[in-house]
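The values are calculated or read from the model by the stated rules, or taken from the named source; none is laboratory data. Because the structure is predicted, anything quoted here is derived from the model rather than measured. Cβ atoms come from the backbone with ideal geometry, glycine included; neighbour counts cover every protein chain shown.
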Amino acid sequence: MISQKDRNTIRELASKWMEWASLPVMQERQRLWQAVHDLKAERPVILVETAWIDGFVGADELRCEDPFLRQVEQNLRVTLRQAAELGDDLVIEPHYRLGWRMRFSDYGVPVETRAPLGADKSIAYTFSFPIATPADIDRLRPRTIAVDRAETQRRRALLEEIMGDILPVRLGNFDPFISEFDVGEYGDLGFTGNFFFGLTWQLYRFIGNDRLLYWVYDQPAAVHRLMEYLLADRLALFGYFEQEGLLDFNTDSQMAGPRSYGFVSDLPAPGTGHPARLKDVWGWAESQEFEMISPGMYQEFVLPYLAKLSARFGLVYYGCCERVDDRLPQILNAIPNLRSVSVSGWSNLARTAELLGRKYVFSRKPTPANISGASPDWDGLEADMKNTRDVTRDSNLEILFRDVYTINGDRARLRQWVDMTKRIFQI
């Protein structure tokens, strides 16, 4: 039974959501995001990722008691607070997005998450690393993949019954990044549409960092076996979504890459008459865990597998937090449907801008440490944005501030950064 208090809470937030979604500025922002992704940028677009910031919306602010509705309330409140306080290019669309609930077996070897390191509450953690020798690879089995249609439709029906007359519910896609963690509490935060490849991401969870570094020298055949296994796993996963009719076009405010919207005119828009296929959607390739290997080893052990996956998708977003400029020419050559490239603080910004030119999106990721903790480094933040401005004058630029986890309760610093960035770019 759902209490009247829970119903009233969701309906109130849904009404506020629709008020924001109905503002003309939302259509204008969509147009600006699409212009960047169409490689015809009119100005940089700016977005702050707020969902993971500790205390951005505190648990004491939530009023729903039902666990599922409490997750929905959290998502609604985070988005509404961002719209009200930050002044970035957040897009709120006139619907609530719900992803399919998925069920996966393990890989034949359970990858256990170990306790946080050194703190009661921390984002630091480790794993059991079950593949300790090349012989352990024989223990791997194909995962079973299934959609929980009944539970998904139950949740959809519940939301439609509570708020559907105010805020329609749209179903489709899921977040494989979240599903790999198997953390149900994050399963309904709205990060659908994010087709994260995660090959080396999962490889690390199998063998650990030491073996990542040693095995490319000592056991190269084992690394290839693992990458081939993971490639087959991802092809099966994404193929299942296509075959089961679970795909939806992610050319909207769903995530095309790590917090980048999918607005683009080169792929079909939501509402297109035919069922979505993989070639109609964005995919997200990256290899943060192998940043430390040479471009030559990356060419041998990683890129061929990413390229095979990328070929299944319409457009590809590449990268996350890793350095890319030292291997970017190889990536550009191997993935012809590449559109956006993540450029973190580890990359040489000028060299990356030169390589990308106007043919790709320069997806800038400011260094989160500068704004985190007790005292933001405002000189460092300003210098970073000025440097970005200077090297991207002829780029299709989006600025995505991600992985900010701790702001000591000081939400105002986020708006201060947005205002500073707008001033530097004369927006």
Going through region 267-298 in order, the residues found to be of a type in the set (Ser, Thr, Tyr) and surrounded by fewer than 20 Cβ atoms within 10 Å (Cβ to Cβ) are THR272, SER294
Condition set polar (S, T, N, Q) and more than 20 Å from the chain's Cα centre (by Cα), scope region 247-305, selection modelled with the lowest pLDDT: answer is THR272
All-but-one check, ARG149 against (1) surrounded by fewer than 16 Cβ atoms within 10 Å (Cβ to Cβ); (2) within 22 Å of GLY271 (Cα to Cα); (3) at pLDDT 95 or above, failing number (3)
Here the residues within region 239-250 that are in contact with a strand residue (DSSP E or B) (Cβ under 6 Å, 6 or more places away or on another chain) and assigned to a helix (DSSP H, G or I) are TYR240
Pairing a residue in region 400-427 that is polar (S, T, N, Q) with any residue that is in a helix (DSSP H, G or I) and surrounded by 15 or more Cβ atoms within 10 Å (Cβ to Cβ), where Cβ atoms lie under 7 Å and the two sit 6 or more apart in sequence or on different chains, gives THR421/MET385
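Out of the residues in region 4-22 that are surrounded by 13 or more Cβ atoms within 10 Å (Cβ to Cβ) and among the small types (Gly, Ala, Ser), state the one that is farthest from SER265 (Cα to Cα). It would help to see each step written out before you state the result.
Of region 4-22, the ones surrounded by 13 or more Cβ atoms within 10 Å (Cβ to Cβ) are 6-14, 16-18, 20-21.
Pick out the ones that are also among the small types (Gly, Ala, Ser) and you get 14, 21.
Numbers: ALA14: 29, ALA21: 21 Å.
For region 4-22, the residue satisfying everything is ALA14.
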* Looking at this structure, is ARG156 of a type outside the set (Val, Ile, Thr), closer than 30 Å to PRO94 by Cβ and at pLDDT 85 or above? -> yes
Checked region 75-93 for anything over 21 Å from SER260 (Cβ atoms) and crowded, with 22+ Cβ neighbours inside 10 Å; matches are LEU76
Any residue in region 251-262 that is in contact (Cβ under 8 Å) with a residue 12 or more places away in the chain, surrounded by fewer than 18 Cβ atoms within 10 Å (Cβ to Cβ) and either of a type in the set (S, T, N, Q) or in contact with an Asp or Glu (Cβ under 9 Å, 6 or more places away or on another chain) (or both)?
no
Of the candidates SER253, SER265, the one satisfying the condition of being in a loop (DSSP other than H, G, I, E, B) and touching a His at 6+ places or on another chain (Cβ under 9 Å) is SER265
Exception for VAL341 within (1) touching a Lys or Arg at 6+ places or on another chain (Cβ under 6 Å); (2) closer than 25 Å to GLU300 by Cα falls at (1)
With criteria (1) touching a strand residue (DSSP E or B) at 6+ places or on another chain (Cβ under 8 Å); (2) over 30 Å from ARG154 (Cβ atoms), GLN82 comes up short on (2)
Residue count, region 303-333, condition of a type in the set (Lys, Arg) and surrounded by 19 or more Cβ atoms within 10 Å (Cβ to Cβ), comes to 2
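Residue-wise test of (1) surrounded by 14 or more Cβ atoms within 10 Å (Cβ to Cβ); (2) more than 22 Å from ALA157 (Cα to Cα).
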residue: PRO24; (1), (2): no, yes
residue: GLN27; (1), (2): no, yes
residue: ALA35; (1), (2): yes, yes
residue: LEU47; (1), (2): yes, yes
residue: ALA51; (1), (2): yes, yes
residue: HIS95; (1), (2): yes, no
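The rows are residues; the columns are (1) in contact with a Lys or Arg (Cβ under 9 Å, 6 or more places away or on another chain); (2) under 27 Å from GLU244 (Cβ atoms); (3) not β-branched (Val, Ile, Thr).
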| position | (1), (2), (3) |
| --- | --- |
| GLY271 | no, yes, yes |
| VAL281 | no, yes, no |
| TRP284 | no, yes, yes |
| GLN288 | no, no, yes |
| TYR298 | yes, no, yes |
| LEU303 | yes, no, yes |
| LEU315 | yes, yes, yes |
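Does ALA236 meet the test of being out of contact with any Phe, Trp or Tyr (no Cβ under 8 Å at 6 or more places or on another chain) and not in a loop (DSSP other than H, G, I, E, B)? Spell out how you get there, then give the answer.
Values: out of contact with any Phe, Trp or Tyr (no Cβ under 8 Å at 6 or more places or on another chain): yes; not in a loop (DSSP other than H, G, I, E, B): yes.
Yes: the conditions hold for ALA236.
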Flagged pairs (Cβ under 7 angstrom, 6 or more apart or on separate chains; first in region 365-391, at negative phi and part of a helix (DSSP H, G or I); second surrounded by fewer than 17 Cβ atoms within 10 Å (Cβ to Cβ) and charged (D, E, K, R)) are ASN370/ASP377
Scanning region 263-295 residue by residue, the ones that are more than 30 Å from TRP215 (Cβ to Cβ) and of a type in the set (S, T, N, Q) total 2
When region 198-229 is checked residue by residue, the ones that are at pLDDT 95 or above and outside any helix (DSSP H, G or I) are GLN219
